[in-house]
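**Q** Pasting a structure below so you can have a look.
The values are calculated or read from the model by the stated rules, or taken from the named source; none is laboratory data. Here the structure is a predicted model, which is why all the values come from computation and not from measurement. Neighbour counts run over all protein chains shown; Cβ positions are idealised from the backbone, glycine included.
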Amino acid sequence: MPISSFYGLQTSLRGLLAQQRSLDVTGHNIANVNTAGYSRQEAALAATPALFLPAGGTLTGSASLGSGVDVTSYRRVRDQFLDLQFRGQASNLGQWSGRADTLQRAEDALAEPGDNGLNTQLGKFWDAWSDLANSPNPNSDPAARQALVERGQAVADTFSQVYDQITTVQQQARAEYDSIVAPAGPGSSGGQIAQIASQIAQLNDTIKRQTASGDSPNDLLDQRDQLLDQLSTFGQISVEKQGSGAVNVSFVDTASAGTTYSVVSDTTATWAGPPAGDAWSPGGRAGGLLEAVRPGGTLDGYLSSLDGVASSLTSAVNGAYGGTFLESSDPAHPAGSLRVTPAIVAAPSTITAGLAGQGANDIALRVSQLRDGATDGAYRTFVTKLGTDVQEANRQVNNAQALTDSVDDRRSSVAGVSLDEEMTNMIKFQRSYQAASRAMSTMDEMLDVLINRTGRVGV
Amino acid sequence: MSTRITSGMTQRNILASLNLVNSRLTTTQERMASLKQINRPSDDPYGTSRAMTLRQNLQATSQYKRNADDAKSWADTTEDALADITDVASRAKVLLTQGGSDGTDATGRGSLADEIDQLIEGVKQSANANYRGSYLFSGSKTTTAPYAMGADDAYKGDDAGLDPAQPGVLREIGPGVTIGVNTVGREVLGNGSGDDGLLATLRKVSADLRSGDSAALRGDDVTKLDANLTKLLEVRSRNGARTNRLEMATERLDQLAGTTTEQLSNVEDADVAQTYIDFSTQQAAYQAALKAGATIVQASLMDFLH
C-alpha cells in the first residue's frame, strides 16, 4: 500500500503543535505561580493512532507506521487525599484559634498578676479594715472609715469591670460567630458560610456544563477546592463528588456522629443557618467560638466563677461585720453588681468597728483577718483555671498550625508550581519544537528534490 | 520520587520560620521591657497563683508592720504617762514622809496637803493622756476621758482589756495574731473613794495631813502608797514587755517582707542575664533566617540559562 509523500510533513506538524501546546501550559503555570489555590497543569501527550500497513507493505507482512503525537488532555496535578487531610487539620486549627482568640481577651481583662488586678484590690481592702482597727474612733479619725468605703468601692468596681469585660468578649465572639454562620435571607447575602456556599453552587453549575461538553475546567476546579479549604476552617465539612462534576457539601456534627447540615447540594446553596438553640458542634472556628460563648460554655463558666468569688466575699465580709457592708444589687449577677451598701457610702461614720466602746475594734479586726482566706483562694483558683485554659488553647493552636503547615507542604509538593521545573520544561519543549521543525525542513528538502529536480534531465 | 520543592513551599516555609523567630523575639522583648517572667496567667498558671499569694502576703506583712508601729507608739505614749504618774507618786511619798515627821507642824502639813491636792490633779492629767485622739486609759471608751478634773475621782472608762470578757484595744500583728495595747486606768488610779487606788490613797494622805493623824501618816498611808507604787511598777513592766514583743514582731515582719519579696521575685521576675542571652541568641537566629531566606529566594535556574 502506498504511503503519501506528504505523510512525514503531517507527522512533524503534529509534533510542532503538541510542543507548542505544552509550552502554552508551561506559560500558564508560570503565570499562576503566585495564584492561591492553583494546581499546576500539564499537557498529557500520547502518540496518535498509527498508520496500519497491511501485508505487502513490508517484508514480514503487516506493520504500523507512527503518525506523530497529540495532546489528549490538560491535566490538573492534584492529590485529592491530601485535600481531605488538609481540610481536617484546617478545621482543627480554626477551632482552637477561635477558642484561643476569645479566651486570651478574657485573660487580658483580669490584669493579673499585677498592681491593677483584683488580687491587689482585695489586699488593699483588707488593709483598709486593718487601718480602721487601728483608728476605730469615728470622731478623732474619720479618714479611716472614708478610706475603707473607697477601698470597698474599688473592689466592687474591679469586680464589675472584669465581669463587664468578659461579657463584652462574649458578645464580640458571638457577633463573630453570627457573621460566620448567618444564613442568606432577603436583602442579605448572609454570613461567610452562606457566601461561600453560593459561590460553590455557581461553580458547580459551570463545571457541570463544561464537564458535560467533555471539557475539564481545571481552573474552576482549583477555585472550588480553594473555597472548600476556606469553608473547612469554619467547621468540619464533608464533600461528596457527583458523577456530573458537581459536589455536595455539608457540615458534620463533631458531637453526634451521622448528623450533617447541608451547605451546597448540586447547583443550589442550601445553607439555612445553624440549628436553633446552638444545638450543634460544627468544629472549626464556628465550633471554637460557640464552645466559648454558648450558654453554659467556657465564658459563662468564668462569669459564674467570678460570681462565686463575689458571693463568697460578700457573705464572708458581712458575716464578720455582723451587718450589711457589701451587697449585690442584682442577685443573678453578684460580681457584676457588687457595691458597698448605699447607706454606708452616704454616711461612712456609721461603720461599726467594735461592739463595746468607741475604741473597741473587734469587728474591724475580725473582717481584716479574712485576708488571704477562702475568697482570695477562690479567686486565685479562678485565675489559675483561666490561665491553664488559655495555655492549653495556645498549645493546641501551635500543634494544629504545625500539622496544617505540614499537610499544606505535602500538598504543594504535589500541586505547586516549581519555577525551576517550569524553566527546564520550557527548554525541553523549545528544543522539541526546534527539532520538529528541523524534521519538517528535511521533509521539505526531500520533496524539493522530488518535485523540482526529478525528471528534469536535459531541461 | 524525591519531594518536589515548589516556589510556594519555599516562600511559605521561609515566612513561617521568620514569623516563629520573630514571635519568640517579641516574647523575650516583652520580658525585657517588663522585667517580668509572667506577664499574663497563661505564661505560667501555677506561677501566677503563687505570685498572687506572695503579693497578698507582702501586702499583709507591710500592713501588720504598720499595725505594730501603731501599737508601739500607743505603748510608748502609755509608758510616758505611767512614768509621769510614777514621778508624782514618788513625790507624794517624799511629801508623806515629810508630813509624818513630828518636826512638821500643822501649817507645814497644811501646805503639804495643798501640794498633794495639786499632785492629784497632775495624776489625773497624766491619766487623761491620749494618742491620736484616743484616751489611753479608758479601756475601749477611747473618746471619754478616764477621769474628770476636780473632786470627782470616779473612773469613767470601762474594763476592756482587763476583764477577759471584754476585748481591749487590739492590734493585728500577724495572721490571726493580735496584741492588746491599752491599759485600764482603774487598775492603777482606782475608782475614787472606797478602794485603795492611787487617787483614793492620795486623797486620804491629804485628809490625814490636814487632820494631823500622825499614826496614819506614818503607818497605813505609807503602806498603801507603797502598794500603789508596786502596782505602778507592775503595770509599767507589763507595758514594757508589750513594747519588747512589738519590737520583736516588727523585726520579724521586716525579715518576712525581705524573704517574701525575694520569693516573689524568683517566681515573677525575669532572669535579666538569661533574658539578654535569649534575646541575643534569638536575634542571631533571626538574622540567620533572614540571610538564608534571602539567598534561597533569589537563586533560580533563570540566572544560569540564556
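**Q** Which condition number does residue A:120 fail, the rest of (1) in contact (Cβ under 8 Å) with a residue 60 or more places away in the chain; (2) in a helix (DSSP H, G or I) being met?
**A** Residue A:120 satisfies all of (1) in contact (Cβ under 8 Å) with a residue 60 or more places away in the chain; (2) in a helix (DSSP H, G or I) except (1).
**Q** Would you confirm whether or not region A:404-422 contains a residue that is free of Cβ contacts under 8 Å to residues at least 60 places away in the same chain, at the interface with chain B (Cβ under 7 Å from one of its Cβ atoms) and either closer than 24 Å to residue A:305 by Cα or among the aliphatic types (A, V, I, L, M) (or both)?
**A** no
**Q** Let me ask another. Consider only pairs whose beta carbons are under 7 Å apart and that are at least six residues apart or on different chains; among these, list those whose first residue lies in region A:28-54 and is free of Cβ contacts under 8 Å to residues at least 24 places away in the same chain and whose second residue is buried (at least 17 other Cβ atoms within 10 Å of the Cβ) and assigned to a strand (DSSP E or B).
**A** A:28/A:41; A:47/A:69
**Q** Among the residues of region B:1-53, what is the count of those that are in contact (Cβ under 8 Å) with a residue 60 or more places away in the chain and of a type in the set (Val, Ile, Thr)?
**A** Count: 5.
**Q** Looking at (1) over 20 Å from residue B:84 (Cβ atoms); (2) surrounded by fewer than 24 Cβ atoms within 10 Å (Cβ to Cβ); (3) of a type in the set (Asp, Glu), can you tell me which one residue B:117 breaks?
**A** (1)
**Q** Now a separate question. State which residue pairs qualify: first residue closer than 24 Å to residue B:44 by Cβ and inside region A:364-388, second residue surrounded by 19 or more Cβ atoms within 10 Å (Cβ to Cβ) and acidic (Asp, Glu) in any location, beta carbons under 6 Å apart, and separation of 6 or more residues or different chains.
**A** What qualifies is A:383/A:112; A:386/A:107.
**Q** Within region A:445-459, which residues are in a helix (DSSP H, G or I) and loosely packed, with under 13 Cβ neighbours inside 10 Å?
**A** A:445, A:448, A:449, A:450, A:451, A:452, A:453
**Q** Kindly provide the set of residues from region B:166-203 that are facing chain A (nearest Cβ under 10 Å), touching a Ser or Thr at 6+ places or on another chain (Cβ under 8 Å) and without any contact (Cβ under 8 Å) to a residue 60 or more places away in the chain, ordered by number.
**A** Matches in region B:166-203: B:166, B:167, B:168, B:170.
**Q** Would you call residue B:51 within 12 Å of chain A (Cβ to nearest Cβ), at pLDDT 90 or above and either at positive phi or touching a strand residue (DSSP E or B) at 6+ places or on another chain (Cβ under 6 Å) (or both)?
**A** Judged against the criteria, residue B:51 is not a match.
**Q** Determine which member of the set A:355, A:306, A:365 is under 30 Å from residue B:173 (Cα atoms), crowded, with 23+ Cβ neighbours inside 10 Å and of a type outside the set (Asp, Glu).
**A** Just one listed residue meets the conditions, A:365.
Matching residues to (1) within 7 Å of chain A (Cβ to nearest Cβ); (2) at pLDDT 90 or above; (3) out of contact with any Leu (no Cβ under 7 Å at 6 or more places or on another chain):
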residue	(1), (2), (3)
B:11	no, no, yes
B:22	no, yes, yes
B:25	no, yes, yes
B:45	yes, yes, yes
B:58	no, yes, no
B:70	yes, yes, yes
B:81	no, yes, no
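**Q** Could you please give the count of residues in region A:354-399 that are more than 7 Å from chain B (Cβ to nearest Cβ) and part of a helix (DSSP H, G or I)?
**A** So the answer is 20.
For (1) closer than 30 Å to residue A:105 by Cβ; (2) under 35 Å from the mean Cα position of the chain (by Cα); (3) assigned to a helix (DSSP H, G or I), each residue gets a yes or a no:
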residue: B:29; (1), (2), (3): yes, no, yes
residue: B:46; (1), (2), (3): yes, yes, yes
residue: B:55; (1), (2), (3): yes, yes, yes
residue: B:75; (1), (2), (3): no, yes, yes
residue: B:83; (1), (2), (3): no, yes, yes
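**Q** Between residues in region A:264-275 that are touching a residue at least 40 places away in the same chain (Cβ under 8 Å) and among the small types (Gly, Ala, Ser) and residues that are part of a strand (DSSP E or B) and surrounded by 23 or more Cβ atoms within 10 Å (Cβ to Cβ), which pairs lie under 9 Å by C-beta distance while being six or more apart or on different chains?
**A** Short answer, once both residue conditions are applied: A:269/A:263.
**Q** Could you tell me which of the residues B:187, B:115 is part of a helix (DSSP H, G or I), under 30 Å from residue B:64 (Cβ atoms) and in contact with a Leu (Cβ under 9 Å, 6 or more places away or on another chain)?
**A** B:187
**Q** Would you say residue B:38 is hydrophobic (A, V, I, L, M, F, W, C) and at the interface with chain A (Cβ under 8 Å from one of its Cβ atoms)?
**A** Values: hydrophobic (A, V, I, L, M, F, W, C): yes; at the interface with chain A (Cβ under 8 Å from one of its Cβ atoms): yes.
Answer is yes for this residue.
**Q** Within the group A:131, A:115, A:141, which residue is at the interface with another protein chain (Cβ under 7 Å from one of its Cβ atoms) and either among the acidic types (Asp, Glu) or surrounded by 23 or more Cβ atoms within 10 Å (Cβ to Cβ) (or both)?
**A** Details: A:131 fails: at the interface with another protein chain (Cβ under 7 Å from one of its Cβ atoms); A:115 fails: at the interface with another protein chain (Cβ under 7 Å from one of its Cβ atoms).
When all the criteria are applied, what remains is A:141.
**Q** Find all pairs meeting these conditions: Cβ atoms under 9 angstrom apart; at least six residues apart or on different chains; first residue within region A:135-162 and under 19 Å from residue A:328 (Cβ atoms); second residue assigned to a helix (DSSP H, G or I) and among the basic types (Lys, Arg).
**A** The qualifying pairs are A:151/A:124; A:154/A:124; A:155/A:124.
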